[in-house]
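One structure is given below, encoded as C-alpha cells.
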Amino acid sequence: MAIGERIHYFRLLRGFTQKYLGKLLGFSDSQADVRIAQYEKGARSPKEKYLNALAQIFEVSPHALNVPDIDTDIGLMHTLFTLEDTRGLKIGKLDGELCLRLDKDAGISYLSMWDMFNAWYQQAEKLESGEITKEEYDQWRYTYPKMEWEQTRRDLDALREKRKAENNTD
C-alpha cells in the first residue's frame, strides 16, 4: 500500500475529513483539503516533518505510514526478495504448506528478526485467544515498536524496584 493510501486509511479510521486533517497539519483553510487530497492520490508525498506530524496525529509510528508499495503481487514479491537478501527470510515447506522462515545462519539479523516476529506472534496469539481485542491488536501493530519499548521499560523499571526492595531488606 502506498503512503497516500495509508494516509487515507488512517484518516478514515480516525474519522477525520481532509480539511480537518490538513488544518491539524497547519495548512491554511484554502489549502488544507487540497494538500491532503494530493497526498492521498499520490500527486505529492509529505515531507518528513509532515509525515512525522501525521503519525503523531494518527497515533501511529511513521513506519506504519511509510510502507513499501506492495499493492501489486510483483511489488510484494520483490519486497520479499529484498527481505531474503537483507534479513535472511527464506521460503520453504512445513507440513506440505509453503511458509516463510528466518535463516538461523543470518546471525544478528536472525536474532533481531526473531525477536520482532516473536513479538508479533505473541500479540496474534492474544488476539486469537480473546485476551485482546482486534482494536488493541491493531493499536499494537500500528504503533510498533513503540509499545514494545514501553513494555520493556516497564519491565526494567519493575525489576529495578524489585532489586531495590530486596537490597533494602538485607
- Message: Given the DSSP H assignment, sum -39500 (n - 2.57) over each helix run of at least 4 residues in the chain and divide by its residue total; what's the result at 222 nm in deg cm²/dmol, nearest 500?
- Response: -22000 deg cm²/dmol
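Quick one, can you get me the convex hull of the C-alpha atoms of region 40-116 expressed as volume per residue in Å³? If you can, show how the numbers build up before the last one.
Working: hull volume 11.4 nm³, N = 77.
Measuring per residue, one finds 149 Å³ for the Cα hull of region 40-116.
Using unit Cβ charges (K, R positive; D, E negative) and no other charged atoms, how large, in debye to the nearest 20, is the dipole of the chain about its Cα centre?
Dipole about the Cα centre, nearest 20: 720 debye.
Over all distinct Cα pairs, what is the inverse of the mean 1/r for region 73-148, reported as the Kirkwood hydrodynamic radius in Å?
Working: mean 1/r = 0.0712 Å⁻¹.
Radius from the Kirkwood sum: 14.0 Å.
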- Taking H placed 1.01 Å from N in the peptide plane, check which residues at least 5 places from ARG44 or on another chain put their amide H under 5 Å from its amide H. TYR39
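Report, please, the projected area of the chain averaged over directions, based on the convex hull of its C-alpha atoms, in nm².
Details: hull surface 60.8 nm².
Seen from a random direction, the Cα hull of the chain projects 15.2 nm² on average.
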- Item | On Cα atoms only, tilt of 134-143 relative to the major axis of the chain in degrees | 80
- Shape category assigned to region 1-90 from the gyration tensor of Cα positions, a/c cut at 1.5: prolate
- Per residue solvent-accessible surface (Å²) - region 1-142, probe of 1.4 Å: 67
- Relative contact order (percent) for the chain, with alpha-carbon contacts under 8 angstrom and 6 or more residues of separation? 17
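Largest first, what is the accessible-area ranking of HIS78, HIS8, HIS63 with a 1.4 Å probe?
Details: HIS78 105, HIS8 75, HIS63 135 Å².
I get HIS63, HIS78, HIS8, largest accessible area first.
Using a Förster distance of 25 angstrom, determine the FRET efficiency expected from the C-beta separation of ASP71 and LEU100, and round it to 0.05. Write down the numbers at each step before the final one.
Working: r = 20 Å, r/R0 = 0.79.
Efficiency computed from Cβ-Cβ geometry: 0.80.
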- So how do 32-43, 91-102 stack up, highest first, on mean other-Cβ count within 10 Å? 32-43, 91-102
- Counting lysine pairs in the chain that sit 8 or more positions apart or on different chains, with Cα atoms under 19 Å apart, gives 12
- Measure off, as a whole percent, the carbon and sulfur share of the 1.4 Å-probe accessible area of the chain, all protein chains present. 53
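The values are calculated or read from the model by the stated rules, or taken from the named source; none is laboratory data. All values reported here derive from a predicted model rather than from experimental measurement. Cβ coordinates were reconstructed from backbone atoms using ideal geometry, including for glycine residues, and neighbour counts include every protein chain displayed. Side chains are part of the model used for accessible areas, which takes the heavy atoms of the whole protein and leaves out ligands, DNA and RNA. Shrake-Rupley method; radii C 1.70, N 1.55, O 1.52, S 1.80 Å.
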